[in-house]
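Asks: This is the structure I want to talk about, given as structure tokens.
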Amino acid sequence: VLSAFWRFGYWLVWAVNQSILSHIHRYNLQGNKRRYSKREIKMRKLDSTKVRPLKSEQLLRIEDHDFAMRPGFGGSPIPVGIDVQVESIDSISEVDMDFTMTLYLRHYWKDERLSFPSTKNRSMTFDGRLIKKIWVPDVFFVHSKRSFIHDTTMENVMLRVYPDGNVLFSLRITVSAMCFMDFSRFPLDTQNCSLELESYAYNEDDLMLYWKHGNESLSIDEHISLSQFFIEEFSASSGLAFYSSTAGWYNRLFINFALRRHIFFFVLQSYFPAMLMVMLSWVSFWIDRRAVPARVSLGITTVLTMSTIITGVSASMPQVSYIKAVDVYLWISFLFVFLSVIEYAAVNYLTTAEERKQLKKRGKVSGMYNIDAVQAMAFDGCYHDSEADIDMTTFTVHSEESSARGRAASIPNLDATRVKRKRSLKGNVGRIILQNNHVIDTYSRIIFPTVYIVFNFFYWGLYV
């Protein structure tokens, strides 16, 4: 009986212990469940902040391919078609020798990695955000100085993907590029410029660049106009460029255009004023040779005006080392103006020498002075070599007394001579001017205009 009691007691203690342990284990499980549920909720909150792949990216399977490599890597070169629509030619700079153009540049190629199923065979259009995740051609502008993609109101970039993997990539660009200009015929010149496109990294073994629609791949706006040029021609061409033995040959596309300069602006600003200055310098040939202030001031004025015209034209042109067509005309015109001044210097010198000879012939001996001739020239500004026009009055210096008496006696004679000269000049001014012309002036009136007309005939015939 005692042993049975101990067994019953041991069993009871064991049962109570197991019950307590089971309750403790159940409590721990419930606590773990509550802890894990809070952690899962927290993890779900964290997962909700992740950027999930877009539906379009899932459709194009962008994450399944490596777009760092070109389509068909290791095989034949990928063909990339190009077409361009020129929106405007913004500026042409002769000083910087460049031009600025705004255009729409479109690329066409096929990337089978971007193909997707479509029951209606409709394309999908994207903006610039998808461009960074796929492969696009690395076309750049050769000889470009600066360029940018328009970004108002959004970046002007468009990507269109077709179900079979064909891709259209379009963007709107403004680019400034070099134009190697020849100013030897300026301003009667025609400038030929070109905008060149080429792949930067892929040579002809990896990428084949070509015009998508041949010569029709290049189109221009009908309303394009420039202030100084006529747009004579727009054409598209292609070629190859070789850089080095390691780089190889690259496909290059050319947008060629010819610009013919408007001449009317330069006729008004340069040629016509130069003509007027040359003609104005000829007026001095018709002015009396004794009118020194008139002829000298006219010659200096025309020379300075021609210098101003030449300086103004040179300031708006690049500093080239060869002669331009406008330089030929302006410097020849300057030479005519300068020669007219030199012509009067020769006339004045020969006239002075001739006067001295005539004074000697008319009885100038030691102590004898022709005062009336000098005073006559000072009075009317003309040289008189006719004895009928000037009464010769001479006097001899003997002593101070006779000199005083001679001056007193000569005063009424001088007054009478001046009155007589004034009367003789009335109605005979034209005859006196013609009679007192120097032979150099006479020939210059014919030679200068004739030579200048011949020069203009050859100049315009050669450059126009």
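The values are calculated or read from the model by the stated rules, or taken from the named source; none is laboratory data. Just so we're clear, the structure is a prediction, and the values are computed from it rather than from any experiment. So basically every Cβ, Gly included, is an ideal-geometry build from the backbone, and we count neighbours across all protein chains shown. Ligands, DNA and RNA are stripped out before the accessible areas are found, and what is left, the full protein with its side chains, is counted by its heavy atoms. Shrake-Rupley method; radii C 1.70, N 1.55, O 1.52, S 1.80 Å.
Asks: Once amide H atoms are built 1.01 Å from N in the peptide plane, which residues 5 or more positions from D83, or in another chain, come under 5 Å H to H?
Replies: HN-HN under 5 Å from D83: R106, K212.
Asks: Per residue, how much accessible area does the stretch 78-257 show when a 1.4 Å probe rolls over the protein heavy atoms, in square angstrom? Don't skip to the end; give the middle numbers.
Replies: Working: 9190 Å² over 180 residues.
With the other protein chains kept in place, the stretch 78-257 gives 51 Å² per residue.
Asks: Something else about it: Which entries of K145/K212; K120/K212; K110/K212 have Cα-Cα distances beyond 24 Å here?
Replies: K145/K212; K120/K212
Asks: If one computes the Cα centroid of the stretch 272-344 and of the stretch 125-203, what distance in Å separates the two points?
Replies: 49 Å
Asks: Enumerate the amide H contacts of F141 below 5 Å, restricted to partners 5 or more residues apart or on another chain; note that Pro and chain-start residues carry no placed amide H.
Replies: When sequence neighbours closer than 5 places are left aside, there are no close amide H contacts.
Asks: Please list the non-local residues whose amide H lies under 5 Å from the amide H of D111, H modeled 1.01 Å from N, same-chain partners needing a gap of 5 or more.
Replies: Here the answer is N166, V167, since their amide H atoms fall under 5 Å of that of D111.
Asks: Considering only protein heavy atoms, what is the solvent-accessible area of K212 at a probe of 1.4 Å, reported in Å² to the nearest 10?
Replies: Solvent-accessible area, nearest 10 Å²: 80 Å².
Asks: What ³J(HN,Hα) values, in whole Hz, does the Karplus curve 6.51 cos²θ - 1.76 cosθ + 1.60 give for the stretch 272-285 when θ = phi - 60°, with x put for Gly and Pro?
Replies: 5, x, 5, 4, 5, 5, 5, 5, 5, 5, 6, 4, 5, 5
Asks: So, counting K/R as plus one and D/E as minus one, what does the shell of residues with Cβ under 11 Å around K324 add up to? If you can, show how the numbers build up before the last one.
Replies: Details: positive: R185; negative: E94, D182, D189, D327.
With Lys, Arg at +1 and Asp, Glu at -1, the net is -3.
Asks: Rank by packing, highest mean first: peptides 143-149, 294-300, 171-177, with packing defined as the count of other Cβ atoms within 10 Å averaged across residues. Walk me through the numbers on the way to the answer.
Replies: Values: 143-149: 12.6, 294-300: 17.0, 171-177: 18.7.
By packing density, highest mean first, the sequence is 171-177, 294-300, 143-149.
Asks: Any idea what diffusion coefficient the stretch 216-312 gets from Stokes-Einstein, in µm²/s, Kirkwood Rh on alpha carbon pairs, 25 °C, 0.890 mPa s?
Replies: 130 µm²/s
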